[in-house]
């Protein structure tokens, strides 16, 4: 292999730049040329592909977002789009790909390999932490620190005014952010899609005869909660207890940006390095992840289809800490 | 005067604790006893009034919220409530009051003085900066730093995805936060209640023949914008340009909390000190503020009724920086 | 067991308060009384022992330092001191101890158990991460984030002025902080006590015929580096290359304080909970740690005497990223 | 005037990039070409001068340091150096200069104007705040926030261990940073070059019969303190009181970098805009500053030679708050 390319795809996450840097530096260390594909699969189709010198990734390790930009590509869902992408990739002499992204991106890379034989190794870049094959994804640690920082700020007001706050964090299908941010934020209740009795516990806090006597409380809600988001949940409680009052805050996109945490930069550095080394060793269709502190490769099929479980020990702590 | 009391009232703001500390230390320096009234006027009515030793305010200068808690008081709107409050204040031998809060709080203090003759000096504690008689209110600088930090994070995603974001900040009647945070955040457009042509400029960016060619943009909206909040504004644009796409983030309560900035701590220290000194000199019904770097007293009547203007130079900069 | 006590000992670390909170809440959840011993072993000797209600640990999860204070105790090194400590512990009916600290603290707890039979479980509270039996210690993640934040700030100046900076971080016997902060900070060189060829690599960057042509660079040095601290190292290079110029910054005590990171709060919560549960199950003389994402107990003897190794993969990355 | 140039000079300060952006955008708004001179006067001599399109300053408002880099120039001190600089400036058709820097930079610009008639307007870019003609310099607010953040972290340890800390901040000739950071950090003592009795007060805290009984304390020292820096001061106290113990932290270069605060970005935006507008109106040899919230021009001679005074009200507060 003489020349490879790297791209970021799907939602951006803090640490993507640190990961790009690691792939570029590892390629140069191994005397391999490396190019950057802009805007994920879109740049492949539109031939936005640029050479990445070692210096081109200087001073980016601390930046949020991605210098290669990212997008969700409709064109790549079509055979014509992928054909065009292959023509462009081939025209640059690119022999292998590094894809930093999540589920959808790896699915695209896998199909691309099946159709055109271009090997690809992935690195898990998403704040949601919902990828099987890595204990943590790149961006998750930063996202929970951002969420916890917001919870700390809101707790100042909750405490000063003796108020209840419902704070909605990201996590459409998984409660990883809600659970970690809730524990770290000292939340009185945490609502995640994975648990079925969490909603009853929160209801018990604010309705019925055994209501909590706490002056203020903070409930953290994953956006994918099966009973609804923060606004809906507060409305549901009000129907049962008209005197109930709560403020709602939707943290939203602030969780996706920002300077990556130290942990995310180290993780991104390890996985970007490992992804290139795996590609050079002839691996393909696998994601580099960190499992029990060791870098491991997991087939895209497993990363995409298997479900990572929430840590049940953490769910248990919520009850213990709020008795 | 031998004994005074301090309380925080209305919405909490970062720096209130630094201000409480300054009043306590200044009182002790002048050999005056000082008590703390909990939860604003509510604590007066319910007799939640505690002595404040010099050490009781150690290690609070850096904390958001207020150790004296705060509330909006319905009871104090009634003559009976105020009568009860006076009885309690008198029973402790309190001869003067320091009120850290905003418009509503000063109005209450003024009536209380008219009815019972208890002198009161105010310090402007609100993030909104909408008080006449001080260039900046305690908490405003922290709030704009929080908003700007959020804008920076969102810009990472806006830039990486080439997206438009509408970010709604606090400011029900005034655009101070939106204007300062927008300039500091490098926003492409800023919508404030005080300006009438700002909305047309933003419309021009996204509709009609001269649309902006910028890949991404950030529009900061004050919650009190006369054309509606961020969600409504985006809907209005979509009606004129169905292809228009934008994400909306409502920053919400994170703007009210957090460790106060250095500026807010210094301002709170100055004004808390000045408020006590003014009270001891026999002043009453006035707010201590900072005007052109000097501590000045402004009658409550003016602070409440006169309108502080947005800096027109800043509004002009938005146009200049986005051509 | 009906009543236990918790104390913090040795140098403070961010997350100690979150750990204290977890022990208190877990004790109450199990209907066990819990007391707090102030200033580590000193408070045992001087009988500074206070009851800890569940509410006494509200709103501390986000605070640096330790509400129980900490100290190194000379008195506890003497048989008389320990005798006095036992008398006091016994007088309160305390049947078991939770010690949050490092090597020295666990050694003291072990001797105390041998002499008086009071069981003790430890939680690893130290920023240095130099304890065997846990992948990470409570406070380490916060400390590296603080160090990385400082490196980011210094890089602004290094880059703007094309200067070389040597930044000394904590770590008297171990390079954990230097290695993680160096990788995350994008440092060009990292000097740790555990490596013998790192110094030669840095020398080669600034002396001899193959000097680096980089405009600016950042070298991170562990305070325990065997060739000396940052000042000494710069002097040694100057002797070989009189034209060499570098600025030195010693980060110092800022690394020990600050709001704990999300990771440290979750870790502290898990280990504080596990420590109490282990004590109630009859365990003693063991440290609760996190190994491969699982809470594990390690005998004090091993935690104290065995050596945790630096991750060799990280050391390798320094070379790869700086070619 | 058709074409101007901007450069940053002297020590870097947070907000310089926001100021560069403001000059570039203001120039384009007025249909004036603008170039960037790299590395201050050095780039003039070495002809490192590049065009600055409006987009070239996108996404830099939040970055510390300066994209134009900066340096202190020995060559510009010589007539030959300045001659070369003029030749280069003239060859690009540059008719006016914007200099973002401090005393030394303005002196150079003034001589350059005297010798070659090139008009120059300055903007005060330095963290030290020691320039006459502006209430605050660009970078000062960020620097004190950085210093206060460090003091907060150290206070965690000071409080937990009941220790005394001496913290040295920047300020070679002026105590602005020490005074503001000390007040905002809740310091028990502040030592500045401008005061003569501050040292005696600190001595009284730790020696003699009336020593403070406070468990812990924080003393903030300006590096230019006439009795010496933090290390020397602690040694002097130890000579008088051998039992005295204190830790020393030199904050150093972290104060010069980092994301600029909201205040610094707004200030830099105003002054960069005003500097270009003044230059276009035919002004020269003046610094744009902010005095009592209004942008004002001050002759370089005054900015350089007149002395800005410390706010005596703040010095008085130190005594009041620590009785």
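Before moving on, here are some points about what is shown:
- So residue B:140, is it under 22 Å from residue D:15 (Cα atoms) and modelled with pLDDT of 95 or more: yes
- Of the strands (runs of 3 or more DSSP E) lying entirely inside segment D:1-69, the ones with 1 or more residues being surrounded by 24 or more Cβ atoms within 10 Å (Cβ to Cβ) are found at D:3-8, D:33-37.
- Qualifying residue in segment A:72-89 (condition: within 30 Å of residue C:156 (Cα to Cα), under 26 Å from the mean Cα position of the chain (by Cα) and within 14 Å of chain B (Cβ to nearest Cβ)): no
- Of all residues in segment A:136-149 being part of a loop (DSSP other than H, G, I, E, B) and more than 14 Å from chain B (Cβ to nearest Cβ), the one that is farthest from residue A:259 (Cα to Cα): A:136
- Meets criteria (at pLDDT 95 or above and in the same structural domain as residue A:239 (by TED's automatic domain parsing)) for residue A:146: yes
- Exactly one residue among D:147, D:174 is closer than 30 Å to residue D:238 by Cβ, in contact (Cβ under 8 Å) with a residue 60 or more places away in the chain and surrounded by fewer than 24 Cβ atoms within 10 Å (Cβ to Cβ), and that residue is D:174.
- Against the numbered list (1) away from chain C (no Cβ under 13 Å); (2) closer than 27 Å to residue B:26 by Cβ; (3) over 22 Å from the mean Cα position of the chain (by Cα), residue D:192 comes up short only at (3).
- Every listed requirement among (1) under 27 Å from residue B:186 (Cβ atoms); (2) assigned to a helix (DSSP H, G or I); (3) touching a residue at least 60 places away in the same chain (Cβ under 8 Å) is met by residue D:109 save one, (1).
- In segment B:112-130, the residues that are outside any strand (DSSP E or B) and either within 13 Å of chain D (Cβ to nearest Cβ) or at pLDDT 95 or above (or both): B:112, B:113, B:114, B:115, B:116, B:117, B:118, B:119, B:126, B:127, B:128, B:129
- Only residues that are facing another protein chain (nearest Cβ under 9 Å) and farther than 27 Å from residue B:316 by Cα were counted across segment D:288-319, and they come to 6.
- Of all the residues in segment C:180-189, those that are within 14 Å of chain A (Cβ to nearest Cβ) and in contact with a strand residue (DSSP E or B) (Cβ under 6 Å, 6 or more places away or on another chain) number 4.
- Some residue of segment C:118-128 being closer than 30 Å to residue C:235 by Cβ and buried (at least 21 other Cβ atoms within 10 Å of the Cβ): yes
- Scanning segment D:260-267 finds one or more residues that are more than 26 Å from residue C:254 (Cβ to Cβ), in contact (Cβ under 8 Å) with a residue 12 or more places away in the chain and in the same structural domain as residue D:20 (by TED's automatic domain parsing).
- Residue within segment A:80-98 that is closer than 30 Å to residue C:215 by Cα and assigned to a strand (DSSP E or B) present: yes
- Lone qualifier among C:191, C:233, C:179, C:251 - being in contact with a helix residue (DSSP H, G or I) (Cβ under 9 Å, 6 or more places away or on another chain) and under 30 Å from residue D:67 (Cβ atoms): C:251
- In the set (1) modelled with pLDDT of 95 or more; (2) within 12 Å of another protein chain (Cβ to nearest Cβ), residue B:59 fails one condition alone, (1).
- Condition broken by residue B:133, with the remaining ones in (1) away from every other protein chain (no Cβ under 14 Å); (2) within 12 Å of the chain's Cα centre (by Cα); (3) in a loop (DSSP other than H, G, I, E, B) satisfied: (2)
- Checked against (1) more than 26 Å from residue B:184 (Cα to Cα); (2) more than 19 Å from the chain's Cα centre (by Cα); (3) within 14 Å of chain D (Cβ to nearest Cβ), residue B:285 passes all but a single condition, namely (3).
- Condition met for residue C:226 (at pLDDT 95 or above and assigned by TED's automatic domain parsing to the domain that holds residue C:180): no
- Of all residues in segment A:150-164 being touching a helix residue (DSSP H, G or I) at 6+ places or on another chain (Cβ under 8 Å) and either more than 9 Å from chain B (Cβ to nearest Cβ) or closer than 30 Å to residue A:135 by Cα (or both), the one that is surrounded by the most Cβ atoms within 10 Å (Cβ to Cβ): A:151
- Count of segment B:10-33 residues, restricted to those that are more than 20 Å from residue B:265 (Cβ to Cβ) and more than 9 Å from every other protein chain (Cβ to nearest Cβ), is 3.
- Within segment D:310-323, the set of residues being free of Cβ contacts under 8 Å to residues at least 40 places away in the same chain and buried (at least 17 other Cβ atoms within 10 Å of the Cβ) comprises just one member, D:320.
The values are calculated or read from the model by the stated rules, or taken from the named source; none is laboratory data. Here the structure is a predicted model, which means the values were calculated and not measured. Every residue, glycine among them, receives a Cβ derived from its backbone with ideal geometry; neighbour counts consider all protein chains shown.
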